[in-house]
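*Asks:* The structure is given below, and queries will be raised subsequently.
The values are calculated or read from the model by the stated rules, or taken from the named source; none is laboratory data. Owing to the predicted nature of the structure, the values given are computational and were not obtained by experimental measurement. Here the Cβ positions follow ideal geometry from the backbone for every residue, glycine too, while neighbour counts run over all protein chains shown. Each accessible area value is taken on the protein alone, full model and side chains, heavy atoms only, with ligands, DNA and RNA left out. Shrake-Rupley method; radii C 1.70, N 1.55, O 1.52, S 1.80 Å.
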Amino acid sequence: MTIQRILTGIQATGELHLGNYAGAILPILEFAKANPDEQEVFVFCADWHGLTNKDKFEKPGLYRNKVLACLLALGYPVDKHVLYTQSSIPEILEMVWYLSSSIHVGILERNVTYKDALQNNKLPTVALFNYPILMACDILAVKANMVPVGKDQSQHLELCADFAKSFNHMTQTECFPIPKAYLQDNPVLPGNDGRKMSKSYGNTLELFADLKTVQKQIKAIKTDSKSREEPKDPSDCLVYQYMQALGNQESTAYMADKLRQGNYGYGDAKADLWQAYNAVFTPEKYALYAELQQDSVLTDMLAEPLEKVRSIVVETTQHMRQALKF
Ligand code: TRP
């Protein structure tokens, strides 16, 4: 039986929040429960992808370790599956050059992320333009079979499959397996004021923020003016959506029942949400998160997986060199 390779990347452009937890981190932790004899999971911090314009130069340095520490503190099993930083593998950029040589600019000009950026007056850097090629190389570098991503990334995944096919075709090789997207259609979690969750609105619930802040952010979750007695529809309740995002089915079902029954106010729901947060983000995990952010600790913990993934990528680069007769 061939082992399926599952790969996904997380950007390092800001503090991780509850939306990232529900949309990316929980699914990754679920995949990583798989038996490594059947499936290998590759997760990496996409720090190069953060560098698409000069306003973001500081970001990867600020957030790279936090992304890795967060996954590790929440139990990503780095002894069984792989976790690494994109920028630790320079061969990926060698691949970018080879792959670029087979891609027509017209294809990239039609990419929605790029078109959006132009429309919103963002600086159209070459890096932003090339973003889909770098992303494709992340995937093709380990010859991944499946890539779990949110819907916003589906065009990037289609491009990756096209690039892989045309490279194979142009070089008359089977250099790359064609990766499949595994689209996750979790609804996007709104901020605690009901608007889009965004640091600039100050409405996020940051993972591993200090507990006073978390408590404040939970208290501030916007609710309507129904009285404690009135029955409530969970699907209209932001506190309930946050509970769902934390991923504990029992507490989520309990809250849904209580809301429907009535005599359960928003204050009660917020108190239950606060407890549920503390049950996931325990003091032990907070302590681990703090410790794991140190460069030396991370380098140590990730040395073995890095060696493993790098040797895979070196081999893939070699295959590309052979295909191009370098
Ligand atoms: N572009 C992805 C995002 O913004 C992050 C990413 C980079 C990625 N490389 C990847 C995701 C490869 C999956 C596979 O979320």
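*Asks:* Yes or no: ALA287 within 23 Å of the chain's Cα centre (by Cα) and outside any loop (DSSP other than H, G, I, E, B)? Let's see the steps before the verdict.
*Replies:* Details: within 23 Å of the chain's Cα centre (by Cα): yes; outside any loop (DSSP other than H, G, I, E, B): yes.
Here the answer is yes, as ALA287 does meet what is asked.
*Asks:* Another question, if that's okay. Which of the residues belonging to the stretch 137-181 are of a type in the set (A, V, I, L, M) and touching a strand residue (DSSP E or B) at 6+ places or on another chain (Cβ under 7 Å)?
*Replies:* Applying the first criterion (of a type in the set (A, V, I, L, M)) to the stretch 137-181 yields 139-142, 144, 146-147, 149, 157, 159, 161, 164, 170, 178, 181.
Within the stretch 137-181, ILE139, VAL142, ALA144, MET146, VAL147, VAL149, LEU157, ALA181 meet the criteria.
*Asks:* Could you check the stretch 102-136 and list, in sequence order, the residues that are hydroxyl-bearing (Ser, Thr, Tyr) and free of Cβ contacts under 8 Å to residues at least 60 places away in the same chain?
*Replies:* The first filter runs over the stretch 102-136 and keeps only residues hydroxyl-bearing (Ser, Thr, Tyr), leaving 102, 113-114, 125, 131.
Answer for the stretch 102-136, where residues must be hydroxyl-bearing (Ser, Thr, Tyr) and free of Cβ contacts under 8 Å to residues at least 60 places away in the same chain: THR113, TYR114.
*Asks:* Check VAL105 against each of (1) out of contact with any Ser or Thr (no Cβ under 8 Å at 6 or more places or on another chain); (2) among the β-branched types (Val, Ile, Thr); (3) surrounded by 14 or more Cβ atoms within 10 Å (Cβ to Cβ) and name the one condition it does not meet.
*Replies:* Looking at each condition in turn, VAL105 falls short on (3).
*Asks:* Any chance you could count how many residues in the stretch 66-90 are assigned to a helix (DSSP H, G or I) and open to solvent by less than 30 Å² (accessible area, probe 1.4 Å)?
*Replies:* Step one: filter the stretch 66-90 for residues assigned to a helix (DSSP H, G or I), giving 66-73, 86-88.
Next, only the ones that are open to solvent by less than 30 Å² (accessible area, probe 1.4 Å) stay: 67-73, 86.
The qualifying residues number 8.
*Asks:* Being open to solvent by less than 30 Å² (accessible area, probe 1.4 Å) and within 14 Å of the ligand (Cβ to nearest atom) is the filter here, so list the residues in the stretch 108-130 that pass it.
*Replies:* Passing the criteria: ASN111, ALA117, LEU128.
*Asks:* A further question follows. Would you confirm, using the coordinates I've provided, whether LEU99 is open to solvent by less than 10 Å² (accessible area, probe 1.4 Å), farther than 30 Å from PRO283 by Cβ and within 16 Å of the chain's Cα centre (by Cα)?
*Replies:* no
*Asks:* Does LEU157 qualify as being surrounded by 20 or more Cβ atoms within 10 Å (Cβ to Cβ), over 21 Å from ARG310 (Cα atoms) and in contact (Cβ under 8 Å) with a residue 24 or more places away in the chain? Step through it out loud before you land on a result.
*Replies:* Numbers: surrounded by 20 or more Cβ atoms within 10 Å (Cβ to Cβ): yes; over 21 Å from ARG310 (Cα atoms): yes; in contact (Cβ under 8 Å) with a residue 24 or more places away in the chain: yes.
For LEU157, the condition - surrounded by 20 or more Cβ atoms within 10 Å (Cβ to Cβ), over 21 Å from ARG310 (Cα atoms) and in contact (Cβ under 8 Å) with a residue 24 or more places away in the chain - is met.
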